[in-house]
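To keep things clear, I will list the structure first and then write my remarks on it.
A short reminder: the numbers here are calculations on the coordinates, not readings from a lab. Quick caveat, the model's predicted, so the values are computed rather than measured. Note that each Cβ is placed from the backbone with ideal geometry, even for glycine, and that neighbours are counted across all protein chains shown.
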Amino acid sequence: MAQTFDPEQILQLPLMANLATASRDGPRNAPVWFIWENRALWLLSSKNSKSVIRLHDDPKCAVEIVHYDNIKGILLHLGLRGEASIEPSSSNRFRRLLTKYLGEDESSWNEWFVENIARIDDPSTRMIKLIPSSIFTNNVSFFRTGPELAWPDGL
């Protein structure tokens, strides 16, 4: 029997999300960093990315986030579904997202990554915004211990 959990527990962690979109050639999946703000999931992208192009054609998408720790026996699955919009990037939101993954001290961020990959102030940067129409959780953290021992000790 799967137990539920508060999605906020997962949405605040620096985990990878998988964005699933549709294409003429079938479904596609992309790993992305994210931030959860104002009941919306914000994903990094650019105006020419394949995900953005596919979402312009068909905004329906799914996002899956899994928190897995084999040693602790944690297996939490969070799914979000809905229609995404493509938004201009906000450098403040972008920095908050990077802080989630790279830490508070911007001087410690890899300079090459920030200049060549992240490009915080690049006008072609976009954010994919998903206000989920449905959210589901699946907690099977008892795969090592049995349901009576795995939860509610938390993450």
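Rounded to the nearest 20, the Cβ-based charge dipole of the chain about its Cα centre (Lys and Arg +1, Asp and Glu -1) stands at 500 debye. For LYS47, the aspartates and glutamates whose Cα comes closer than 16 Å to its Cα, not counting residues fewer than 8 places off in the same chain, are ASP57, ASP58, GLU87, ASP121, ASP122.
Taking trypsin sites (Lys or Arg not before Pro) across the range 35-118, the ones in a DSSP loop with at most 11 further Cβ atoms lying within 10 angstrom of their Cβ are ARG39.
Measure out, as a whole number of angstrom, how far apart the alpha-carbon centroids of the range 125-141 and the range 3-81 sit. So the separation of the two Cα centres works out to 6 Å.
Lys and Arg at +1, Asp and Glu at -1: add these up for the other residues within a Cβ distance under 14 Å of GLU83 and post the number. Charge balance near GLU83 sits at +1. Taking the empirical scaling 2.2 N^0.38 Å for compact globular proteins as reference, the chain has a Cα radius of gyration ratio of 1.12.
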